[in-house]
Amino acid sequence: MKNKKIIVAGNWKMNKTYLEAKEFIAKLNQLPDYTSQVIIAAPSLYVDTLFINNQKENLALALQNCSAYESGAFTGEISARMIASLQLKYCIVGHSERRSYFEETDEIISDKIAQLIHYNVQPIFCIGETLQERKVNETFNVIRKQLVRGLEKVPVEKIGNIVLAYEPVWAIGTGMTATKEQAAEVHKFIFQLLSEIYNPEAAARIPILYGGSCNEKNAEELFYQPHIWGGLIGGASLDVNSFYKIIQIAEKINGE
Ligand code: PGA
């Protein structure tokens, strides 16, 4: 796949104090420049300051979640319009932790994606099966359902604004990474589904990241798989040195 460019996205989740977050960015600023697209989804409270402190041209700060609603009386929520007003380019949507702990349904996720697309913020749309679903051979059905429902309100002319992330729930935060074969099989399936829903040309341009215990040790073999466009990295994105090693892997592959 000649058009594939590896993307490295970090998901800090609910970690780091303000000072720790600023220190991370300061350290990253000191490391050599890179040309690959790097994204960090930081706690929303600090995104703006980190954005101002960031000196790396290819580092985009992102949100981890947004509201399904446009605006109004929704205490505590952050809208896609607000995210766009800070010129932030990306927002994670449909992460399995939001699906399970905050009961986000495919319908809610589809509304969030529609909001983000409307305001030109690129959703990093997460899908993935649980261990139980994998054990009973439901992986492909679960992926199909999540993908079709999540993208329901995304017309073909807007699909270029989507980044997908395949994150098997059993691999998130467990140290149990999917093997490169397991990941490659699902990524290929997602690509085929996108080709069906939209068309093969559009599908070939949609990045599909892998997430779930991805780190500096396993990133390279995963990123070399045909339909894997990089990683959505939780634990290993918290340490600037580990994260930078993954960026270097992206640099190597993108430079070939
Ligand atoms: P992990 O998290 O790398 O810690 O498994 C990935 C994610 O949840 O996005």
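The values are calculated or read from the model by the stated rules, or taken from the named source; none is laboratory data. Computed from a prediction, not measured in an experiment: that's the story for all the values here. Cβ: placed from backbone, ideal geometry, glycine included. Neighbour counts: every protein chain shown. Side chains included, ligands, DNA and RNA excluded: accessible areas come from the protein's heavy atoms. Shrake-Rupley method; radii C 1.70, N 1.55, O 1.52, S 1.80 Å.
Points worth noting:
- Relative contact order (percent, whole number), region 1-43, Cα cutoff 8 Å, 6+ residue spacing: 69
- Centroid-to-centroid separation of region 206-256 and region 54-119 [C-alpha atoms, Å]: 23
- Selection from 192, 53, 148 lying farthest towards where the dipole of the chain points positive, charges on Cβ: 53
- The GNM of the chain, with springs linking C-alpha atoms under 10 angstrom apart, assigns the highest mean-square fluctuation among 90, 34, 101 to 101.
- Of the whole protein surface, residue 170 contributes about 30 Å² of accessible area at a 1.4 Å probe radius.
- Taking the helices alone, the chain has a mean residue ellipticity at 222 nm of -12000 deg cm²/dmol, built from -39,500 (n - 2.57) per DSSP H run of at least 4 residues and averaged over all its residues.
- Highest-first packing order for the peptide set 103-113, 196-206 is 103-113, 196-206, based on the mean count of other beta carbon atoms within 10 Å.
- Taking region 229-253 and a reference point 7 angstrom along Cα→Cβ of residue 15, the backbone N atoms nearer than 20 Å belong to 230-250.
- Proximal lysines relative to residue 89, as straight alpha-carbon distance under 24 Å, when same-chain residues fewer than 8 apart are discounted: 4, 5, 13, 16, 22, 27, 56, 112, 153, 158, 245
- Normalised by the number of residues in the chain, the mean separation of alpha-carbon contacts (under 8 Å, six or more apart) gives a relative contact order of 21 percent.
- Highest mean packing first, where packing is the average number of other Cβ atoms within 10 Å per residue, the peptides 35-41, 208-214, 74-80, 5-11 line up as 208-214, 5-11, 35-41, 74-80.
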